[in-house]
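A short write-up of the structure that comes next.
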Amino acid sequence: MKKELLKLLAAITAMCMLASFAGCSDDEDDDDDSKKSKSSVSDQEDDDDDDDDDDDDADVEKEEETTKKKGGKKSTTAPEEEEDTTEAKTAATKSADLYDYYSELDDAYNNNDVTKFVELDYNSAVWDGKGYVCRTNKDYDYEVYTFDASGNGKSIWSESTAGVDEDFYVEDIYFCAGNIYVVYEKYDDSILIKKYDSDGKEAGSITYSVKDAPEDIVVITANGEIVLADYWNEDFEQPYVISSDLKTITKIDQADKPLQHGLSEKITDYSNFLPVSYKSKVYLGDYGLYLDCSTGKWTECDLIDDDNTSFYMYGNIGQYLFNYYEVYDITTDQFIDDIPSFAYENYYGGAHHICHDYDSNKWCEYKVPSDAWYISDDDYLVKELGKETAYIYDLVYLDDTCYGVVDDYGIFIRTYENGNDESKEITAMLF
């Protein structure tokens, strides 16, 4: 019995030991599973990190590849710096726009559809790259000379101050669109007008009585029509137009001056035509009207407005008429804003202004923005050029590189670059 009891206790002990061993084994399995799980998560995180690194490397490689294709370097500019650069480029573009008006001026300077009417016996003229001057020669004859920038000078017309015969004498000499118009007056009150081309060859003539038409030429058009008027003669309270072939004289109807309340009155003063024309159009500066000489019709235009009782033109460059603060385009009959009113002075073509400094007697080149107030500001000075001591109002400005000097000895071509350095001037002709 005792032995059997001992065997039973031994069996129970063995079973307890087996159960204890089994529990330990389960704990170890759980620990292994936990370790495996943790290892799996860690491995996944490492894989994700590796993937991110791979993505970053791929992005870098892609950016570098794109940069190489563009032939540049990888940008390291901060957003603020890029914004500043953009603003600087915008400002530079805006600044460049301030000089665009020079191209419009240059086109207008060479526009032969627009011409200026010049009293040649008092002033010089420039047409199609050539200068024209009229002088009294040593024989006391009137003589017209022409010359160009290359120094080709010659006399193209001369006439005795006594005129073509004992009856006719030279009264006036005009120039327009490359042609010379000489007005002769006869003692019996007849008028003879002769037209000469740019080579001095006679191109037409007309004779009429001062009882039939006014004796004064007030303007000549680019197309060659001649406008006559006489403010002091009550018999001629309207203009007359001589055709471009100098064959006929046409009496033009009086123009109407608009008043208030829809009223109007007839204009009797036609002495104030502006000395410039566009094809056959000429302008009355006091009334805001233009006359088409080819049709004889008047047209109201915007030359004057409520703020201006008249348009005082102090100069023109081609179709652009300049007064003190406005610019008017006679090809469109509108005031324009893209060309500054100061631009007329000292402009002879090109993309700059050439001014003469009275203190140093030097020519100076300026490049002036359209928002400036005046030209000769040191901020706009490009460079100083040659020295010139001659009276600049007697010079003939051929273009933006050279000018003519006319004195008692002859005609000489000088450049702004060299000024009055006589060793570098060109002799066009000697008198």
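The values are calculated or read from the model by the stated rules, or taken from the named source; none is laboratory data. Because the structure is predicted, anything quoted here is derived from the model rather than measured. As a convention, Cβ positions derive from the backbone with ideal geometry for all residues, glycine included, and neighbour counts pool all protein chains shown. Keep in mind that these areas ignore ligands, DNA and RNA; they rest on the heavy atoms of the full protein, side chains included. Shrake-Rupley method; radii C 1.70, N 1.55, O 1.52, S 1.80 Å.
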Self-check item: Tabulated pairs, the stretch 373-385, first more than 16 Å from Tyr99 (Cβ to Cβ), second of a type in the set (Lys, Arg), C-beta under 8 angstrom, 6+ apart or interchain
Solution: Glu384/Lys362; Leu385/Lys362
Quiz item: In the stretch 317-335, which residues are in a loop (DSSP other than H, G, I, E, B) and either polar (S, T, N, Q) or closer than 25 Å to Asp253 by Cβ (or both)?
Solution: Gln319, Asn323, Ile330, Thr331, Thr332, Asp333
Practice problem: Out of Thr427, Thr389, report the one residue that is open to solvent by 60 Å² or more (accessible area, probe 1.4 Å) and assigned to a strand (DSSP E or B). | Solution: Thr427
Exercise. Select from the stretch 259-310 the residues that are among the small types (Gly, Ala, Ser) and within 19 Å of Ile330 (Cα to Cα) and write down the one among them that is surrounded by the most Cβ atoms within 10 Å (Cβ to Cβ).
Key: Ser277
Self-check item: From Asp394, Asp399, Asp408, residue being surrounded by fewer than 12 Cβ atoms within 10 Å (Cβ to Cβ) and either charged (D, E, K, R) or more than 26 Å from Asn110 (Cβ to Cβ) (or both)
Solution: Asp408
Quiz item: Which condition does Ile317 not pass, out of (1) within 30 Å of Ser155 (Cβ to Cβ); (2) more than 15 Å from the chain's Cα centre (by Cα), if it passes all the others?
Solution: (2)
Self-check item: strands (runs of 3 or more DSSP E) fully within the stretch 261-316 counting 3 or more residues that are out of contact with any helix residue (DSSP H, G or I) (no Cβ under 6 Å at 6 or more places or on another chain), closer than 20 Å to Lys116 by Cα and modelled with pLDDT of 90 or more
Solution: 273-278, 281-284, 289-292
Quiz prompt | Enumeration of residues in the stretch 115-130 that are outside any strand (DSSP E or B) and in contact with a strand residue (DSSP E or B) (Cβ under 7 Å, 6 or more places away or on another chain) | solution = Phe117, Leu120, Asp121, Ser124, Gly129
Exercise. Would you check which residues across the stretch 222-236 are hydrophobic (A, V, I, L, M, F, W, C) and either more than 18 Å from Ser277 (Cα to Cα) or in a strand (DSSP E or B) (or both) and list them?
Key: Ile226, Val227, Leu228, Trp232, Phe236
Self-check item: the stretch 88-122, subset among the hydrophobic types (A, V, I, L, M, F, W, C) and either modelled with pLDDT under 90 or open to solvent by 60 Å² or more (accessible area, probe 1.4 Å) (or both), residue nearest to the chain's Cα centre (by Cα)
Solution: Ala96
Exercise. Answer yes or no as to whether Glu171 is modelled with pLDDT under 95, in a loop (DSSP other than H, G, I, E, B) and either at positive phi or over 37 Å from the mean Cα position of the chain (by Cα) (or both).
Key: no
Practice problem: Give the stretch 201-221 a look and list any residue that's touching a Ser or Thr at 6+ places or on another chain (Cβ under 9 Å), open to solvent by 20 Å² or more (accessible area, probe 1.4 Å) and in a loop (DSSP other than H, G, I, E, B), or say none. | Solution: Val210, Asp216
Self-check item: Subset of the stretch 123-141 that is of a type in the set (Ser, Thr, Tyr) and touching a Phe, Trp or Tyr at 6+ places or on another chain (Cβ under 8 Å) - its residue that is surrounded by the most Cβ atoms within 10 Å (Cβ to Cβ)
Solution: Tyr132
Quiz prompt | Extreme residue, surrounded by the most Cβ atoms within 10 Å (Cβ to Cβ), among residues of the stretch 237-246 that are under 39 Å from the mean Cα position of the chain (by Cα) and in a loop (DSSP other than H, G, I, E, B) | solution = Pro239
Practice problem: Output the number of residues of the stretch 123-168 satisfying the condition of being at pLDDT below 95, touching a Leu at 6+ places or on another chain (Cβ under 8 Å) and not β-branched (Val, Ile, Thr). | Solution: 2
Quiz item: So which residues in the stretch 322-365 are open to solvent by less than 10 Å² (accessible area, probe 1.4 Å), more than 13 Å from the chain's Cα centre (by Cα) and touching a residue at least 40 places away in the same chain (Cβ under 8 Å)?
Solution: Ile330, Ile354, Trp363
Exercise. Check off (1) modelled with pLDDT under 95; (2) over 25 Å from Asp197 (Cα atoms); (3) open to solvent by 40 Å² or more (accessible area, probe 1.4 Å) for Lys251 and give me the number that stays unchecked.
Key: (1)
